[in-house]
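Engineer: Sending over a structure as structure tokens; questions will come in a sec.
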Amino acid sequence: MSNNIGERNPVANVAAMIVFSSVVEEGSFTAAARRLGLSKASVSREISGLEERLGAQLLRRTTRTMSLTEVGEIFFAHCQRVGEEAEAAELSIRRLEAAPSGVIRLAAPMTFGHMVVAPRLERFLARYPAVRVEFELTDRSVDLVHERIDLSIRIGRPRTPSYVLREVCPMRGLIVATPDYLANAAPIEHPEDLVHHNCMGYRGPTETWAFRNGRRIETRGTFYADNGDALRNAALAHLGLVYLPTFITADDIRAGRLVPVLPEETTRTSAVYTVYPESRHLSPKVRAMIDWLVEEFGGEPAWDVGLPTARRPAESRNPGR
């Protein structure tokens with residue numbers, strides 16, 4: 001057997017290097033096998049295979065003694081460093097699993113994330129100072145796996161069966177318009193009266209609005225947008241009615257800028273959920289974020305306090321984002 005390691009494949013199996021290091025440190029194959037939870041025969045095979053791959057003798061073995069060759073001493077120094085790095089890597093993983101730390105990639109709908117979640121994130125970060133949040137605000141449906149999103153906040157129940165959901169809070173919708181618009185438009189006493197009004201929404205040219213007792217009214221409008229803020233601004237400009245989640249319109253309603261229309265007829269239309277892939281391991285940082293969101297927003301949302309109470313039958317169409 002040659003002592004020139006370069007004559008053969010220099011790439012050694014890391015597991016075999018750790019076995020070799022254990023044999024040297026313990027002073028025998030038997031003690032190394034006990035330390036590693038292997039059989040003595042397995043340890044012997046690892047060392048023989050390692051020497052074969054390296055093309056060098058690492059140990060001088062007799063029936064009573066074992067010692068390192070010159071090449072073995074050099075190789076042992078490298079193996080020690082490999083073992084220390086492996087132990088450090090394992091320790092770092094254990095620490096990550098023990099307490100929330102690291103980066104969370106969190107996705108949320110644009111308006112909800114900007115208006116509701118972002119102003120409160122400092123409370124989460126103060127509680128978990130070892131966590132950093134990368135916040136992605138988008139109204140498109142993100143691919144959690146391919147885009148490597150740890151957790152998504154969704155309004156409405158996703159239809160993807162491979163996602164794990166947890167409800168955070170209810171999400172109400174109210175139809176609203178400005179006092180000026182209502183003062184100059186036809187009276188609205190029943191949902192059917194909406195067909196005579198400019199009803200702006202997320203889709204065009206028509207949109208179906210849901211009411212209690214399963215009634216559904218097809219509405220029409222002159223303006224449609226894929227963002228709740230844009231629809232709110234259109235309503236504030238006296239253009240017509242919008243059916244929006246109350247987190248968008250609550251402050252305007254309290255200030256009198258917008259007035260609820262048919263609040264006793266509107267329904268609880270959806271809920272806020274946390275979503276993550278079923279196949280993904282739920283790390284402490286993600287678990288902490290989910291628990292914090294439920295704690296922060298669970299029950300009756302703060303933005304609904306004091307608003308006209310809508311009756312709440314079973315879920316129907318999502319009124320918006």
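Derivation of every value follows stated rules applied to the coordinates shown; laboratory data play no part. Quantities reported herein were computed from a predicted structural model and do not represent experimental measurements. In this analysis, Cβ positions are derived from the backbone assuming ideal geometry, glycine residues included, and neighbour counts consider all displayed protein chains.
Engineer: Rg and Dmax of the chain, Cα atoms, in Å?
Structural biologist: For the chain, the Cα-based Rg and Dmax read 32.1, 105 Å.
Engineer: Can you give the extra length, in nm with one decimal, that the chain gains between residue 141 and residue 257 once fully stretched, where that is 0.36 nm per residue apart less the Cα-Cα distance?
Structural biologist: In short, 38.6 nm is gained.
Engineer: Using label points projected 7 Å from each Cα along Cα→Cβ, tell me how many nm separate residue 305 and residue 118, to one decimal.
Structural biologist: Distance between label points: 2.4 nm.
Engineer: Rounded, prolate or oblate: which one fits the range 171-268, using the alpha carbon gyration tensor with axes a ≥ b ≥ c (rounded when a/c is under 1.5, else prolate when a/b beats b/c, else oblate)?
Structural biologist: Taking the square roots of the gyration eigenvalues as a ≥ b ≥ c, the range 171-268 is rounded.
Engineer: May I pose another question? Where does the chain land at 222 nm, in deg cm²/dmol rounded to the nearest 500, when only DSSP H runs of n ≥ 4 count, each adding -39500 (n - 2.57), divided by all residues?
Structural biologist: Result for the chain: -10500 deg cm²/dmol, rounded to the nearest 500.
Engineer: Could you calculate the contour length gain from residue 215 to residue 278, that is, 0.36 nm times the residue separation minus the distance between their Cα atoms, to one decimal place in nm?
Structural biologist: Additional length available on full extension: 19.1 nm.
Engineer: I've got another one for you. Would you please give the residues with an amide H less than 5 Å from that of residue 160, counting only those at least 5 places away or on a separate chain, with H modeled from the backbone geometry?
Structural biologist: It is none; the list stays empty.
Engineer: Let me ask you something else. In bins 10 Å wide, starting from 0, what share of all Cα pairs of the range 140-181 does each bin hold, as a percent?
Structural biologist: In whole percents, the pair-distance histogram is 19, 41, 20, 14, 6.
Engineer: Efficiency by 1/(1 + (r/R0)^6): what FRET value for residue 64 and residue 42, r their Cβ-Cβ distance, R0 = 25 Å, to the nearest 0.05?
Structural biologist: It comes to 0.65.
Engineer: Follow-up question, since we're still on this one. Could the peptides 171-183, 39-51 be put in order, highest first, of the mean number of other beta-carbon atoms found within 10 Å of their residues?
Structural biologist: Per-residue mean Cβ counts within 10 Å order the peptides as 171-183, 39-51.
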